[in-house]
Amino acid sequence: MASDILFHLEKNSRESLQSQLRRAILNAILNSTLPAGFKLPSSRKLANDLGISRNTAILVYQGLTDDGYLVTRERSGIFVNEDFVDGIEQSKLSRDNAPAPRPEDLESPDWENRLFLRPSERHYLNLPKNWREIPYPFVYGQPDKRLFPLTAWRECSRLALSTRDMADWIHDDKIYDDPQLVEQIRTRLLPARGIHVSSDQILVTLGGQNALFLLAGLLVRKQTRVGIENPGYPDAKNIMQLFTKNLAPIPVDEKGMIVDEHLDGCDYAFVTPSHQCPTTITMPLTRRRKLLEKAEEQDFIIIEDDYENEINYFKSASPALKALDNNDRVIYTSSLSKTLFPGLRVGYVVAAPELIAELKFYRRLVVRYTPSNNQRTVALFLSLGYYDSLIYSLRRRWHNRWNAVHKALRTYIPECSYSHSSGGTSYWVKVPDGISANRLVKEAYKDGVLIESGMPFFLESPAPDTHIRIGFTSIENAKIEPGIKRLGKTINRLMEEVQEQE
């Protein structure tokens, strides 16, 4: 006789009943609530007891049987697999019988002296864990899930898991990227930036940041001098400082990175010409050519991060620096993570074949390769036209938010100044004189407004406490005006405090 068993299933849960039931039975087996040889009720009885369809019970039983947790005995029923449970018990017994360490005989490692690098001491842009619960989240780089074409992504994921496609990516190919994704990057993404290369000049990475780390690991050592925009991308600074202390802060003006004597003596220069991080300024064509000429003159290499290259609201994007490069002076990096979703972690490097060949082997030592199933899904998303459609939709919707933030800043915080650009997904705002931007961030958070401090973007120490960044990709249009209005009240309160102290 089968014993009665009862599992609690949440009918209104986001998790399917089938998944809940499988997990409940599996947990009961693993914690010995259902012992070896236990006879489970028939699928009909289980379905009646739990108030679910019999098909759901049958599918769960079948899946657990296929995975070895259950066994079916003809004309007898379904039982917990004794061989499987015996293996679990043996594993538990081995752990239980292991000799317990004696603390008095052990000496803890001296981690203080073993750590040669301390990445935790760098300045990062960190969001609070509860940022989604903040009424007005003006954060950068986080997606609005309502704008993402989930149905299209599911279709591409399903196609990537088809028998034919799975045969392409299931193997461990070590240094090779998905040829379909490489071809989509080569023929669809790069030509839009004016770049025409062969497949052996492309490497797929775990996002733009991983691309930069791989390049630094191969090209940068203690004596290497690297020019970094100031203000600039914080993790470019953080990554380079893992390999060299010899960073040259390169000033930024209304045309982006300034091309002058600050670049003299550099071996590499990191630049974001499409939309400078964090000011969002686009470098004009004349300055791009001047930067290339300077690289030839001073014999340095440009690392181009084509940051937000597709987010232009008023005109077509300028050609990438790589498109103007005739002598392999530019290493081009880009990422799909910002426009698709950050958790995807897919980017790429375009460079001379000799460098890409070594990067492939270096990547193998660091992460082996970018997950192949993700590569194939992205390749399908590109080839079926979903990416182009998404960019068109995002550009239109983000333009509306860009305008809303601009209007609200002008109305409610006229004391602040900010960069004027033709695109991007954030505003780089200088707070009124006398106010600490860092304190403003903390006070605004208390008032339900989440913004970012500008301090991590600067190379100086201490960094200027003068700027904030206001992102708008994850906040609803309807919340922009009241959010900026509330931020304005916080600024006014701080300005009153400053005036009182004077």
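The values are calculated or read from the model by the stated rules, or taken from the named source; none is laboratory data. Since this is a predicted model, take the numbers as computed values, not measurements. Here Cβ is always computed from backbone atoms with ideal geometry, including for glycine, and neighbour counts include all displayed protein chains. Ligands, DNA and RNA are stripped out before the accessible areas are found, and what is left, the full protein with its side chains, is counted by its heavy atoms. Shrake-Rupley method; radii C 1.70, N 1.55, O 1.52, S 1.80 Å.
Values computed for the structure shown
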read-out: Search result, residues across the stretch 104-140 that are within 30 Å of Glu481 (Cα to Cα) and exposed (fewer than 15 other Cβ atoms within 10 Å of the Cβ); value: Tyr124, Asn126, Pro128, Lys129, Asn130, Trp131, Arg132, Glu133, Pro135
read-out: From the options Pro284, Pro251, residue that is surrounded by fewer than 16 Cβ atoms within 10 Å (Cβ to Cβ) and farther than 22 Å from Lys322 by Cβ; value: Pro251
read-out: Subset of the stretch 379-421 (residues that are open to solvent by 30 Å² or more (accessible area, probe 1.4 Å), under 22 Å from Asp144 (Cα atoms) and in a loop (DSSP other than H, G, I, E, B)); value: none
read-out: Long-range neighbours under 8 Å by Cβ, at least six apart or interchain, first residue on the phi > 0 side of the Ramachandran plot within the stretch 370-388, second hydrophobic (A, V, I, L, M, F, W, C) and open to solvent by 10 Å² or more (accessible area, probe 1.4 Å); value: none
read-out: Which numbered condition Asn438 misses (of (1) of a type outside the set (D, E, K, R); (2) within 25 Å of the chain's Cα centre (by Cα); (3) closer than 30 Å to Arg146 by Cα); value: (3)
read-out: Only listed residue being under 21 Å from the mean Cα position of the chain (by Cα) and in contact (Cβ under 8 Å) with a residue 12 or more places away in the chain, chosen from Ala269, Ala236, Ala248; value: Ala236
read-out: Neighbours by Cβ (under 8 Å, 6+ apart or cross-chain): first from the stretch 473-493, over 12 Å from Trp402 (Cα atoms) and open to solvent by less than 70 Å² (accessible area, probe 1.4 Å); second of a type in the set (A, V, I, L, M) and in a helix (DSSP H, G or I); value: Gly483/Ala408; Ile484/Val405; Ile484/Ala408; Ile484/Leu409; Leu487/Ala444; Thr490/Leu440; Thr490/Ala444; Ile491/Leu440
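Residues are listed down the side, and each one gets a yes or a no for (1) under 44 Å from the mean Cα position of the chain (by Cα); (2) buried (at least 18 other Cβ atoms within 10 Å of the Cβ); (3) of a type outside the set (Val, Ile, Thr); (4) in a helix (DSSP H, G or I):
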| position | (1), (2), (3), (4) |
| --- | --- |
| Asn12 | yes, no, yes, no |
| Glu15 | yes, no, yes, no |
| Ser19 | yes, no, yes, yes |
| Gly37 | no, no, yes, no |
